[in-house]
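A short worksheet on the structure shown next.
The values are calculated or read from the model by the stated rules, or taken from the named source; none is laboratory data. The shown structure was predicted, so the numbers you read here are calculated from the model rather than taken from an experiment. As a convention, Cβ positions derive from the backbone with ideal geometry for all residues, glycine included, and neighbour counts pool all protein chains shown. To get the accessible areas, we keep the full protein, side chains included, count just its heavy atoms, and leave off ligands, DNA and RNA. Shrake-Rupley method; radii C 1.70, N 1.55, O 1.52, S 1.80 Å.
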2 protein chains.
Amino acid sequence: MKATVLVRPKAGILDPQGEAVEGALGHLGFAVAEARVGKVIDLDVTTADPDEARVQVEQMCEQLLVNPLIESYDVEIHG
Amino acid sequence: MKATVLVRPKAGILDPQGEAVEGALGHLGFAVAEARVGKVIDLDVTTADPDEARVQVEQMCEQLLVNPLIESYDVEIHG
């Protein structure tokens, strides 16, 4: 199964990369109130069962991909 | 309008961060055939028109957020 994980800085957590993007877009003349930058991780997991894939990917998030103190995540399982 | 941009390394382009994630997940015992790492950028654009927001965000991608030689992108506009 293919899976996509979106990892984002939690609300209230400082995001220097997002601030840099926001500033650069402003300098280019774009009207942007806020920019936040996180990670998208595309995974090819070798199970064929979507429920099992979701369980595995959530374990990957908890053990490696996400720092729960400062980041939140969403998992999508594709066909 | 809120917008989300997903920026991914193009197929065939070397992705050292993805390879590191893939290796680390393997060491943890997860069966992962491939991992690719890109960016998710959440933007708050100050126009209220979804079509106009999409046009603006695509311009931001072309001028700053994306390197079209090595990256592809998708834009989602939220309500």
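Couplings 3J(HN,Hα) for segment B:50-63, derived from phi with the Karplus relation 6.51 cos²θ - 1.76 cosθ + 1.60 (θ = phi - 60°), are x, 5, 5, 4, 4, 4, 4, 5, 5, 5, 4, 4, 6, 8 Hz, where x marks Gly and Pro. For residue A:10, the amide hydrogen comes within under 5 Å of the amide hydrogens of A:71, A:72, counting only partners 5 or more places away or on other chains and with H modelled in the peptide plane.
Each residue of segment A:69-75 was assigned a 3J(HN,Hα) from its phi angle through the Karplus expression (A = 6.51, B = -1.76, C = 1.60, θ = phi - 60°), giving 5, 10, 10, 10, 9, 10, 10 Hz with x at Gly and Pro. The solvent-accessible area of residue B:46, taken with every protein chain present and a 1.4 Å probe, is close to 90 Å². Can you give me the distance in nm between label points at residue B:44 and residue B:28, each placed 7 Å from the Cα along the Cα-to-Cβ direction? Taking the two extended label points, one gets 3.2 nm. With label points set 7 Å from Cα along Cα→Cβ, the inter-copy distances at residue A:64 are 3.3 nm, sorted shortest first. Closest approach of a chain A Cβ to the axis relating A and B (residue, whole Å): A:40, 2. Enclosing the Cα atoms of chain A in their convex hull gives a volume equal to 103 cubic angstrom per residue. Across peptide B:40-49, the mean count of Cβ atoms from other chains lying within 10 Å of each residue's own Cβ comes to 6. Two numbers describe the Cα atoms of the protein assembly as shown: Rg and Dmax, which are 16.3, 48 Å.
Sorted from shortest to longest, the distances between the residue B:11 label points of this copy and the other copies are 3.9 nm, with each point 7 Å from Cα along the line through the beta carbon. Look at the stretch A:27-33: the mean tally of other chain Cβ atoms within 10 Å of its residues' Cβ atoms is 5. The mean count of C-beta atoms from other chains within 10 Å of the C-beta of residues in B:65-71, rounded to a whole number, is 1.
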